[in-house]
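Working notes for the structure below.
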Amino acid sequence: MIGPSRVAELEMPGAGVETAAARPAQSYWNESWERLRDNRLGMAAGVLILVLALIAVLAPVFSAVLTHYEPQTINLDQTFVRPGASHLLGTDELGRDTLTRLIWGARVSLGVAFLTVAMSLSVGTTVGMVAGYYGGWIDDVLMRLVDTVLAIPAIFLFILMSILFRPNAVTLAAIVASVGWGSVARLVRGEVLSVKQRDFILATRSIGARDSRLMVRHLLPNVLPVLIVAASLGVGQIILVEAALDFLGLGIQPPTPSWGNMLTNAQSYFFHSGFLVAFPGITIFVTVLASNIFGNAVRDAFDPRLKSH
Amino acid sequence: MTQPVLEVQDLHTVFATKEGTVKAVDGVSFELNAGETLGVVGESGCGKSVTALSIMRLQRPGRIVSGKVLLKGQDLTRLTEYEMREVRGREIAMIFQDPMTSLNPVYRVGWQVAEPARLHHGWDKKKALQSAVSMLGRVGIPAPESRARDYPHQFSGGMRQRVMIAMGLTTTPEVLIADEPTTALDVTIQAQILDLLRHVNREFGTATILITHNLGVVAGMCKRVVVMYAGRIVEAGPTKDVFAHPTHPYTWSLLRSIPRLDAEQHEPLRPIEGVPPNLVDLPSGCSFHPRCAFKVERCARDVPVLLQVGESQRSACWVTQAGTELKGA
């Protein structure tokens, strides 16, 4: 239809005017990224999370190079070794190296946390988008379902589930996500309700786009900021939940090391070998703190109005 | 006379609200001929936009309760949603009032202008983008190649409206519906956009429905005009005749309420008394009668229909249909 050759011949009215008005401005994503980058504490927390994630992924390498121990190897000659040259963070009641177990425990704690966030986000986003976009009875049904899910006393559900299934990282994530998606769905629905009022949605419908295209290509990118914020704030929370479940014996079962179940073992030796409590405790504390600081930094970066001064 | 491209017949669109049913479009009929620009004027809330959206079947949450929308003889109100999607953007394109919010902020402009062609012609990214760039050039965007890589917020309002027009034209539709395309723009940019629309109309032969509340825009752009009030068409005819001898008191009052440079002396402006009616609870008879300077007893009783008045015009008014000319006071 319209060949480029024809273009040159055509003189359109008003061509070339207005260039001065089209000043370059920064995109929302660029601005947010710059705000995040300027937040030193937030960036430090983010880097820490990244390092921990790297350690978790490369746990076999780290334990081989750094500690030379296996996480589950029992050495009854070397029990309750104080932190020192041979065992940097000491050993537990069965002579297992604490640092090695913390490194392998990161796999469980961070793995479950990221997996849980991924699951709640994908289910929650889908439900929230469908409810918000279609509205009407679909919205009613889905949101009442969300209300129901959020009314379930989570801790009892977790206890029941871990009795029924012997939890591993994946099932544990699924169990925690089975209630976590509700709040994500609410969040996304609210955002969709506001975005869908905007003219470009109507404009996109007017060019003949399908509902699915509208939702995935046009609505989703516009609700992405709230998802990113929800994800980064969610990680810290879920690490705590997971540690609590492990501690109560409802999560990852020994001998697989996790930060939570290391605390369970250590509590018997609280006065005898306090470091066995301190190291996993500090690890959990620092990780959750870093997640929260990073999450807040991300939120501030995306929505500067929320920042409290 | 050849068949009109688009024919709207006795269209009724309603909205259910808590207060009651709003008849936003109440028996609207008009036709749009190939290549022409038809003006639709009226004040805010008179049903202009809902009429446009109903043609596209995008009137949600409103409902089309009766009437036909014939595109080249095919009734759009009977199409399935799937078939209707093929019409949207391919046969009929639409331009909206606010170019600042009509583009998706997260995509590059070229991607968005290419979208209709990708949807309807099944072109791949590269081909669609090429045609988008060439179209951006044709609607007067300088350096289209590099501008296509920019995001909407990097464009001014006028440039964005050009982008919207380019997006509408990539699939060479039969009909272009421009819903108040210049209302959100400042005056000099308005003139440029109207120039562009006129040019597009000539160049592409796209029949255009121009919705506006600006009588000056209609006078400059449209050979024919329909005037809407409270969901109905109250007057229709050639713009020249309608402006010279309005045959409906509403048109008459509208024309008297705009300032004129060629006025003989310093006439005061005469606003139309009263406010537009509540669409939930319309006045009996002719909806305009409470504000009308010419009303007779019958106006409050019977609803007038659109009938031939004079040579070329049609009017829904008992007074002018009886032969009275609108003058003075």
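Read-outs throughout are calculated quantities, based only on the coordinates presented, and are distinct from any laboratory measurement. It should be emphasised that the depicted structure is a prediction, and the values quoted were computed from it without experimental measurement. When we count neighbours, we look across all protein chains shown, and the Cβ atoms used for this are built from the backbone with ideal geometry, even at glycine.
Between residue B:65 and B:12, B:13, B:14, the built amide H atoms are under 5 Å apart, and every one of these is 5 or more places off in sequence or on another chain. Protection proxy ranking for A:274-282, A:203-211, using the average of other Cβ atoms within 10 Å per residue and placing the highest first: A:203-211, A:274-282.
Against the longest alpha carbon principal axis of chain A, how many degrees, from 0 to 90 and to the nearest 10, is the axis of helix A:40-57 turned? The angle comes out near 60 degrees.
Packing, taken as the mean count of other beta carbons within 10 Å per residue, orders the peptides B:253-262, B:146-155 from highest to lowest as B:146-155, B:253-262. For the range B:180-207 versus the range A:122-193, the inter-centroid distance based on Cα atoms is 49 Å. Among B:179, B:98, B:281, the residue with the largest mean-square fluctuation in a Gaussian network model of chain B, with springs joining Cα atoms closer than 10 Å, is B:281. Relative contact order, whole percent, for chain A stands at 23, derived from Cα pairs under 8 Å and 6 or more residues apart.
Spatially, the range A:41-106 and the range B:303-329 are offset by 92 Å when compared through their Cα centroids. Which net charge results for the neighbourhood of residue B:21, defined as the other residues with beta-carbon distances under 15 angstrom from its beta-carbon, given Lys and Arg at +1 and Asp and Glu at -1? Neighbourhood net charge equals 0. Which angle between 0 and 90 degrees, to the nearest 10, do you get for helix B:157-169 versus the longest principal axis of chain B when only C-alpha atoms count? So the inclination is approximately 80 degrees.
Shape call for the range B:178-263 from the C-alpha gyration tensor, a ≥ b ≥ c root eigenvalues: rounded (a/c under 1.5), prolate (a/b greater than b/c) or oblate? Since a/c reaches 1.5 and a/b is larger than b/c, the shape of the range B:178-263 is classed as prolate. Listed by chain and number, the lysines whose alpha-carbon sits under 22 Å from that of residue B:327, ignoring those within fewer than 8 places in the same chain, are B:240, B:295. Other protein chain C-beta atoms within 10 Å of residue C-beta, averaged over B:101-109: 6. Cross-link partners of residue B:23 among lysines, defined as those whose alpha carbon lies under 22 angstrom from its own and excluding same-chain residues fewer than eight positions apart: B:48, B:68. Under 16 Å Cα-Cα from residue B:72, which aspartates and glutamates qualify once same-chain neighbours fewer than 8 residues away are excluded? Here the aspartates and glutamates satisfying the reach criterion relative to residue B:72 are B:7, B:31, B:36, B:83, B:86, B:91, B:174.
Placing unit charges on the Cβ atoms of the charged side chains and taking the dipole of the range B:28-117 about its Cα centre, the candidate lying farthest along the positive direction among B:64, B:93, B:50 is B:64.
Need one number for the range B:186-329: average projected area of the convex hull over its C-alpha atoms, nm².
Working: hull surface 41.7 nm².
Mean orientational projected area (the range B:186-329, Cα hull): 10.4 nm².
Quick one: grab the alpha carbon gyration tensor of the range B:30-86, order the square roots of its eigenvalues as a ≥ b ≥ c, and give me rounded if a/c is under 1.5, else prolate or oblate depending on whether a/b is larger than b/c. Here the range B:30-86 falls in the oblate category.
Between the amide H of residue B:177 and those of B:93, B:94, B:95, B:209, distances stay under 5 Å, these residues lying 5 or more places away or on another chain, with hydrogens modeled in the peptide plane.
When the Cα positions of A:52, B:293, A:67 are compared along the charge dipole of the protein assembly as shown, A:67 comes out farthest toward the positive end, with charges on each C-beta of Lys, Arg, Asp and Glu. The angle between the Cα long axis of helix A:220-247 and the main principal axis of chain A comes to about 10°, on a 0 to 90 degree scale. Phi angles of the range A:101-107 translate, via the Karplus equation with coefficients 6.51, -1.76, 1.60 and θ = phi - 60°, into HN-Hα couplings of 5, 5, 4, 6, x, 4, 4 Hz per residue; Gly and Pro are given as x. Note on A:195-202: average number of Cβ atoms from other chains within 10 Å of each residue's Cβ is 5. For residue B:226, the residues whose modelled amide H falls within less than 5 Å of its own, excluding neighbours fewer than 5 places apart on the same chain, are B:39, B:40, B:41.
Quick check: the distance between the Cα centres of the range A:199-256 and the range B:243-262, to the nearest angstrom? Going from one Cα centre to the other spans 57 Å.
Tell me, what is the percent relative contact order of the range B:6-222, built from C-alpha pairs under 8 Å that lie six or more residues apart? Relative contact order for the range B:6-222 comes out at 27 percent.
Summary of packing: across the peptides B:315-322, B:158-165, B:57-64, the per-residue average of other C-beta atoms within 10 Å ranks them, highest first, as B:158-165, B:315-322, B:57-64.
Coupling constants for the range B:77-88 follow from the phi torsions by the Karplus curve (6.51 cos²θ - 1.76 cosθ + 1.60, θ = phi - 60°), and in residue order they are 5, 9, 6, 6, 4, 4, 5, 5, 4, 5, 6, 5 Hz; glycine and proline get x.
Which whole number gives the average count of other chain Cβ atoms within 10 Å of the Cβ atoms across peptide B:134-143?
6
With N counted as the residues of the range B:2-61, its alpha-carbon radius of gyration over 2.2 N^0.38 Å works out to 1.22. For chain B, DSSP calls about 60 percent of its internal beta bridges antiparallel. Inverting the pair-averaged 1/r between distinct Cα atoms of the range A:31-306 gives 20.6 Å as its Kirkwood hydrodynamic radius.
Report, in deg cm²/dmol and to the nearest 500, the calculated mean residue ellipticity at 222 nm for the protein assembly as shown, where each DSSP H run with n ≥ 4 adds -39500 (n - 2.57) and the sum is divided by the residue count. Let's see the in-between values first.
On the way: 23 runs with 304 residues, N = 638.
The helix-only estimate for the protein assembly as shown comes to -15000 deg cm²/dmol at 222 nm.
Whole-Hz Karplus values for the range A:162-174 come out as 6, 6, 6, 10, 7, x, 10, 3, 6, 5, 4, 4, 4 Hz, taken residue by residue from phi with 6.51 cos²θ - 1.76 cosθ + 1.60 and θ = phi - 60°; glycine and proline positions read x. Classification of the protein assembly as shown by its C-alpha gyration tensor yields a prolate form. The axis ratio a/c (a ≥ b ≥ c) is 1.5 or more, and a/b outweighs b/c.
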